[in-house]
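Here the structure is laid out as structure tokens; the discussion comes afterwards.
FYI, it's all coordinate maths here, none of it is from the lab. For clarity, every value in this text was computed on a predicted model and none was experimentally measured. Note: ideal-geometry Cβ built from the backbone for every residue, glycine included; neighbour counts use all protein chains shown.
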Amino acid sequence: MVAAKIAGVLRAQFPGLVLASDIDGLHPSLTLSPENWKEAAAFLRHDPRAGFNFLRCISSLDLYPEPFIELVYDLMALEPAGPGEPWRCAATVAIRLRVPRDGGSVPSVADIWPAAEWHEREAFDLMGVKFEGHPDHRRILCPDDWIGHPLRKDYQYPTEYDGIPAGPAPKTSVPETP
Amino acid sequence: MQERVYHSYPDLLLDAEGEDLADLRTEEMLINMGPQHPSTHGVLRLVLRTDGELVLEAVPHIGYLHRCAEKIGENLAPYQFIPITDRLDYLAAMNNNYAFSMAVEQLCGIEVPERGRYVRVIMSELNRIASHLVSFGSYALDLGAFTPFLYGFREREYILDLFESACGARLTYSYITIGGPALDLPEGFLENLQQFLDYFEPKIDEYNQLLSYNHIFVRRTAGVGVISPEDAIAWGLTGPCLRGSGVRWDLRKCMPYDIYDRFEFEIPVGVPGGSDGIPRAVVVGDSWCRYFVRIAEMKQSARILRQCLEQIPDGPVRAKVPRVLKLPSKEVYFEAENPRGQLGFLVVGDGSPIPRRVKIRGPSFCNLSIASQICRNVLVADIAAIIGSIDVVMGEVDR
């Protein structure tokens, strides 16, 4: 319900921004076009109609074999209640952006939500999405000289690293619940 | 109540005539702290740019414990992934299992029976107490006090004995799986839990007397590493770090999941010094507040446990889960309140038994990101106080 309101407000403010909305599922989300993402993010953060001040998570999904990577920004609007009262969550929404796999880049929102700094570094490190304007754009979890982006579906497991040989790539099995 | 401010040394190096004592001028050094270090709570590397004893900047480097849990999640079925979740925040394994199980149960529409839900909450809150005891003990140890560590671990032994009687393991349990706990509680578990609660609750006041109001401890932690509530929300902090800054936000109360809406408990937050017995030097959002929120949370967890003991019904603990659980082509993002913050799982199914993507939002990952901001212009000794108060477990930072 609240995600529908956000979708309406965004459509009114930025025509052509909201590409799709899936608000009745388990994970209510709006798919936005990555072109005006910076303005949309600033609007979502600062406008009193949205007020999403808490960035919970930035996830990256590889849509292989489609040539897209999807970024999912989970946002929450926290607001204080009376003195001694627990704070309230006014709304939650997930914003999805589709970025091309090869060389796709998205404006960084680290200046809007500082929590994004490390989440974007992780999305770059593990999925290869570049973030323009990121203050510290380098790998965070893998070593600095790692080749490739491990969470991609077409990632080639390395055969050796720094001269140390690595084993064969793992296989998937179909398991049974006990 | 002022935040402590240190001045850079070069301003003060003038002799009696006001001439610059160039010989005594220090230079900036880049000092490496970790990844192997007793005070960094795991394999965390901090590169400190220091000017004498003053740290101008501390840059955390993480990834030394990266074990590719998310990639493994794309190759294992959910029930096979449960042991991996144990090892994320290895001090709160029950809570990790709980969060992941609930995410998958939401995705697949599995309803856990009532007794199973109560057992999950009991284990989750016991593990919260155990985790906060480690945090209490190791924080004191970082600052040079050895005794609280031993007392904390002694109480933890009773909790680990309870866990061992229930599932056989002391640290990585894999007890709470998809569909509920793997086994029902053993005979005598609830009586032992009652005895433990009667024994443990007075101990919290003893530990306050031992450490929380100790003059040296207060001098080292009050006013150090102050995080304002706006900064805490902007940087995505959750758990005691957020509550220590005065933001009364706890998922169990504010967005209740499972059966947490049936329990009465409070959310402790950081309070300014001078009232209620709080030392006067304490500022809301400093390291002392974050530490004290954990101590108060142990009391609230004990309260929840007593209510569980009263309310737990008989019956089965597990739901009927199909032999090969096919995940629907939907996704779910579920967050649970772990001892260190909100642990989130984004599970994307694609119709097969193996998820397409498992994204883990580790609370310590988000909490640690603020370290580079608050470790500016503090003394080297304060770095240990600040990192210890954030209470990171590198298992969920690096996954």
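Here's how it looks for A:PHE131: its modeled amide H is under 5 Å from those of A:VAL106, which are all 5 or more places away or on a different chain. When Rg and the Kirkwood Rh are both derived from Cα coordinates, the Rg/Rh ratio for segment B:122-190 amounts to 1.07.
Expressed as a whole number of Å, what is the distance separating the alpha-carbon centroids of segment B:70-95 and segment B:253-281? Cα centroid to Cα centroid, the span is 30 Å.
Measuring between their Cα centroids, segment A:91-106 and segment B:290-310 lie 40 Å from each other. Each residue of segment A:100-111 was assigned a 3J(HN,Hα) from its phi angle through the Karplus expression (A = 6.51, B = -1.76, C = 1.60, θ = phi - 60°), giving x, 5, 8, x, x, 9, 9, x, 6, 10, 5, 7 Hz with x at Gly and Pro.
Normalising the average separation of contacting C-alpha pairs (under 8 angstrom, six or more residues apart) by the number of residues puts the relative contact order of segment A:32-87 at 26 percent.
Between B:GLU164 and A:ASP144, the simple spin-label model (points 7 angstrom out along Cα→Cβ) gives 4.5 nm.
Based on the Cα gyration tensor of segment B:284-399, what are the three equivalent ellipsoid semi-axes, each the root of five times an eigenvalue, rounded to whole Å and given largest first?
Semi-axes, largest first: 36, 24, 9 Å.
Can you give the translational diffusion coefficient of chain B in µm²/s, computed by Stokes-Einstein from the Kirkwood radius over Cα pairs at 25 °C and 0.890 mPa s? The Stokes-Einstein estimate is 111 µm²/s.
Only Cα pairs under 8 Å and 6+ residues apart enter the sum, and on that basis the relative contact order of chain B stands at 26 percent.
When only alpha carbons of the protein assembly as shown are considered, Rg and Dmax amount to 24.1, 85 Å. Among the GluC sites (Glu not before Pro) in segment B:91-127, those located in a DSSP loop and surrounded by at most 15 other Cβ atoms within 10 Å of their own Cβ are B:GLU111. As an exercise, use a Förster radius of 41 Å and the Cβ-Cβ distance of B:LYS299 and B:ALA381 to find the FRET efficiency, rounded to the nearest 0.05. E(calc), rounded to 0.05, equals 0.85.
Model label sites at B:ASP314 and B:GLN195, defined 7 Å from Cα along the beta-carbon direction, differ in position by 2.3 nm.
With a Förster radius of 51 Å applied to the C-beta separation of A:ALA166 and B:GLN307, the computed FRET efficiency comes to 0.50.
Taking other Cβ within 10 Å of each residue's Cβ, how do B:MET123, B:MET94 sort, fewest first?
B:MET123, B:MET94
What the phi angles of segment B:232-247 give under the Karplus curve with 6.51, -1.76 and 1.60, with θ = phi - 60°, is a coupling list of 4, 6, 5, 8, x, 6, 9, x, x, 5, 6, 6, x, 8, x, 8 Hz, glycine and proline written as x. When only Cα pairs below 8 angstrom with a gap of at least 6 residues are kept, segment A:2-157 shows a relative contact order of 18 percent. Amide H contacts for A:LEU19 (H built 1.01 Å from N in the peptide plane; partners 5 or more residues away or on another chain; cut-off under 5 Å): A:THR31, A:LEU32, A:SER33. Relative to the globular-protein estimate of 2.2 N^0.38 Å, the Cα radius of gyration of segment B:150-240 stands at 1.53. Beta bridges assigned by DSSP with both partners in segment A:1-144 are antiparallel in approximately 75 percent of cases. For B:LYS203, what is the net charge nearby, where nearby means another residue's Cβ is under 14 Å from its Cβ and Lys, Arg count +1, Asp, Glu -1? Spelling it out: positives minus negatives among the neighbours equals -3. Averaging Cα coordinates gives a centre for segment B:311-344 and one for segment B:124-138; these two points are 22 Å apart.
A convex hull fitted around the alpha carbon atoms of segment A:2-157 yields 134 Å³ per residue.
For B:GLY236, the amide hydrogen comes within under 5 Å of the amide hydrogens of A:LEU55, A:ALA115, counting only partners 5 or more places away or on other chains and with H modelled in the peptide plane.
Only lysine pairs 8 or more places apart, or on different chains, with alpha-carbon atoms under 17 angstrom apart are counted in the protein assembly as shown, and they number 9. Count Lys and Arg as plus one, Asp and Glu as minus one, and take only other residues whose Cβ is under 10 Å from that of B:VAL112; the net charge is then 0.
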